[in-house]
Amino acid sequence: MATTASTLDRAPASAGKVGPLAIARWLEIVAAFVVVIVLVGGITRLTESGLSITEWNVATGILPPLSEADWQAEFAKYRATPEYRLEAALGGMTLADFQFIYFWEWFHRLLARTVGLVYALPLAWFWVKGAIPAGFKPRLVALLFLGGLQGVIGWLMVQSGLTGDMTDVSHFRLSLHLLTALLLLGALVWTARDMRLLARASGARAAPLTLAAALAALVLFVQLLLGAWVAGLNAGHAAYDWPLMNGSLVPQVDWSGGVLWTVTHDPFLLQWLHRWWAFVALAALVVLARRVRGTDRFATIAVNATLGFMVLLGIATVMSQVSLWIAAAHQLTGALLVASVARAMHSDGVRRMGVADAK
């Protein structure tokens with residue numbers, strides 16, 4: 001997400017017709033797609049749909065099963081998984097139930113394929129047209145590879161839940177999958193902001209990463225990591241009251257597995273950490289928002305608004321006993337918060353350069 005403060009070369013002459021502004025708008029569209037994918041990914045996890053498709057078929061997997069025989073074949077593959085044998089089968093599962101969870105995983109994968117095309121095809125067009133400003137080709141290619149890596153991590157995550165006695169995917173791989181998507185989202189927003197700066201002046205410098213912005217990003221990263229672990233371990237169900245946890249300010253935690261194992265696996269401790277680190281993140285991000293209020297008021301409002309909703313939805317998620325749509329809204333707001341913070345971080349770099357931010 002960060003970029004150096006070195007002066008960018010001027011855009012090639014042919015970029016005047018297409019221009020950095022068009023590239024910025026394209027990147028913002030891709031970022032919007034990533035936000036939607038994060039939302040659908042959250043619903044996929046909340047409905048425990050992620051293991052319903054046991055294979056990764058890049059081409060043939062675009063279409064869902066189209067006949068009764070095809071559905072029965074897919075259902076048979078799912079019935080062979082540990083999740084079905086040790087969990088889903090106990091409550092009984094009909095073909096209609098399977099079709100429901102299959103839809104969310106299929107839709108999540110379809111969106112991933114779509115965003116790949118939405119990014120790759122325009123990138124190729126801008127490249128052929130000579131519209132990409134000098135110095136930006138490596139970054140745009142890196143974003144393409146980051147998106148591809150995200151897909152690979154997603155499949156490795158699914159594989160982790162298909163072996164042994166696993167009834168869920170690895171929460172470590174799930175967190176890597178989610179955080180890679182959010183890193184991609186932030187990088188898209190940051191690059192789009194650089195393009196908007198360049199659209200105003202072909203010799204504009206790329207915004208540097210400030211120390212304050214880096215610290216705010218680190219604090220947010222910890223909160224997002226904790227949230228991913230809470231989701232992966234179903235730790236949202238550890239307690240349904242707030243601000244207490246099962247009637248206590250500090251929950252009872254079993255440390256017998258060692259400090260490292262407990263901090264990374266205990267659902268009670270992880271929910272407690274996620275609850276209270278949220279207020280550390282709130283303080284750090286409010287400071288970041290205030291730093292840019294004079295140069296990018298929109299970023300200030302966006303960070304404050306998404307941050308407030310994020311905290312409230314987190315509390316509501318707990319007190320609603322992890323209601324599907326409240327929890328999904330919590331994850332959606334988290335993605336919007338990342339996009340807002342990325343813009344504010346960029347604007348803080350622009351502020352340090354002493355110029356007005358791009359609109």
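Just to be sure I understand the filter: pairs with C-beta atoms under 9 Å, separated by 6 or more residues or on different chains, first member in the stretch 84-95 and farther than 14 Å from Asp168 by Cβ, second member assigned to a helix (DSSP H, G or I) and among the β-branched types (Val, Ile, Thr). Which pairs pass?
Going by the 9 Å Cβ cut-off, the qualifying pairs are Met93/Ile101.
From the list Phe98, Phe103, which one is of a type in the set (Phe, Trp, Tyr), open to solvent by 40 Å² or more (accessible area, probe 1.4 Å) and assigned to a helix (DSSP H, G or I)?
Sole residue among the options that is of a type in the set (Phe, Trp, Tyr), open to solvent by 40 Å² or more (accessible area, probe 1.4 Å) and assigned to a helix (DSSP H, G or I): Phe103.
Test Ala134 against the stated conditions and say whether it is farther than 30 Å from Val230 by Cα and either modelled with pLDDT under 95 or assigned to a helix (DSSP H, G or I) (or both).
Numbers: farther than 30 Å from Val230 by Cα: yes; either modelled with pLDDT under 95 or assigned to a helix (DSSP H, G or I) (or both): yes.
Here the answer is yes, as Ala134 does meet what is asked.
Sort out which residues of the stretch 73-120 are of a type in the set (Lys, Arg) and farther than 17 Å from Gly161 by Cβ, and write them in order of number.
The answer is Arg113, and nothing else.
Within the group Phe268, Phe279, which residue is farther than 27 Å from Thr191 by Cα, open to solvent by 20 Å² or more (accessible area, probe 1.4 Å) and touching a strand residue (DSSP E or B) at 6+ places or on another chain (Cβ under 9 Å)?
Phe268
Which condition from (1) open to solvent by 30 Å² or more (accessible area, probe 1.4 Å); (2) in contact with a Leu (Cβ under 6 Å, 6 or more places away or on another chain) is the one that Asp165 breaks?
Going through (1) open to solvent by 30 Å² or more (accessible area, probe 1.4 Å); (2) in contact with a Leu (Cβ under 6 Å, 6 or more places away or on another chain) one by one, Asp165 breaks only (2).
So in the stretch 108-161, with the set limited to residues that are among the β-branched types (Val, Ile, Thr) and under 16 Å from the mean Cα position of the chain (by Cα), which one is most open to solvent (accessible area, probe 1.4 Å)? Outline the logic, then answer.
So the first thing to find is which residues in the stretch 108-161 are among the β-branched types (Val, Ile, Thr), and the list is 114-115, 118, 128, 132, 141, 152-153, 158.
Filter once more, keeping what is under 16 Å from the mean Cα position of the chain (by Cα): 115, 152-153.
Values: Val115: 25, Val152: 81, Ile153: 17 Å².
Taking the candidates together, the pick is Val152.
With respect to Arg343, is the statement that it is modelled with pLDDT under 95, in a helix (DSSP H, G or I) and crowded, with 16+ Cβ neighbours inside 10 Å true?
no
Can you confirm whether the stretch 236-251 contains a residue that is open to solvent by less than 30 Å² (accessible area, probe 1.4 Å) and either in a helix (DSSP H, G or I) or more than 21 Å from Ser320 (Cβ to Cβ) (or both)?
yes
Answer yes or no: is there a residue in the stretch 206-216 that is crowded, with 21+ Cβ neighbours inside 10 Å and within 20 Å of Leu140 (Cα to Cα).
yes
Filter the stretch 292-326 down to the residues that are without any contact (Cβ under 8 Å) to a residue 12 or more places away in the chain and among the charged types (D, E, K, R), then identify the one that is surrounded by the most Cβ atoms within 10 Å (Cβ to Cβ).
Among those that are without any contact (Cβ under 8 Å) to a residue 12 or more places away in the chain and among the charged types (D, E, K, R), it is Arg293.
Taking the stretch 57-94 on its own, how many of its residues are among the basic types (Lys, Arg) and farther than 17 Å from Val158 by Cα?
Adding up the residues that qualify gives 0.
Quick check on this structure: which one of Ala289, Ala329 is open to solvent by 20 Å² or more (accessible area, probe 1.4 Å) and touching a helix residue (DSSP H, G or I) at 6+ places or on another chain (Cβ under 6 Å)?
Of the residues listed, the single one that is open to solvent by 20 Å² or more (accessible area, probe 1.4 Å) and touching a helix residue (DSSP H, G or I) at 6+ places or on another chain (Cβ under 6 Å) is Ala329.
Search the stretch 162-194 for residues being assigned to a loop (DSSP other than H, G, I, E, B) and of a type in the set (Gly, Ala, Ser), and hand back the single one that is nearest to the chain's Cα centre (by Cα).
The qualifying residue nearest to the chain's Cα centre (by Cα) is Ser170.
What number of residues in the stretch 252-269 are in contact with a Leu (Cβ under 6 Å, 6 or more places away or on another chain) and either part of a loop (DSSP other than H, G, I, E, B) or aliphatic (A, V, I, L, M) (or both)?
1
If you go through the stretch 323-331 one residue at a time, do you hit one that is on the phi > 0 side of the Ramachandran plot and not in a helix (DSSP H, G or I)?
No, there is no match, as no residue in the stretch 323-331 is on the phi > 0 side of the Ramachandran plot and not in a helix (DSSP H, G or I).
Hey, any hits in the stretch 168-187 for a residue that's open to solvent by less than 30 Å² (accessible area, probe 1.4 Å), more than 18 Å from Glu48 (Cβ to Cβ), in contact with a Phe, Trp or Tyr (Cβ under 6 Å, 6 or more places away or on another chain) and in contact (Cβ under 8 Å) with a residue 24 or more places away in the chain?
no
Taking Pro243 as the residue in question, decide whether it is in contact with a strand residue (DSSP E or B) (Cβ under 6 Å, 6 or more places away or on another chain) and modelled with pLDDT under 95.
Here the answer is no, as Pro243 does not meet what is asked.
What are the pairs with Cβ atoms under 6 angstrom where one residue, in the stretch 241-254, is in contact (Cβ under 8 Å) with a residue 60 or more places away in the chain and the other, located anywhere, is open to solvent by less than 70 Å² (accessible area, probe 1.4 Å)? Sequence gap at least six, or different chains.
Short answer, once both residue conditions are applied: Trp242/Ile315; Trp242/Val318.
The values are calculated or read from the model by the stated rules, or taken from the named source; none is laboratory data. This is a predicted model, so every value here is computed, not measured. Heads up, the Cβs are rebuilt from the backbone with ideal geometry, glycines too, and the neighbour counts pull from every protein chain shown. For the accessible areas, the whole protein counts, side chains as well, though only heavy atoms, and no ligand, DNA or RNA atoms are used. Shrake-Rupley method; radii C 1.70, N 1.55, O 1.52, S 1.80 Å.
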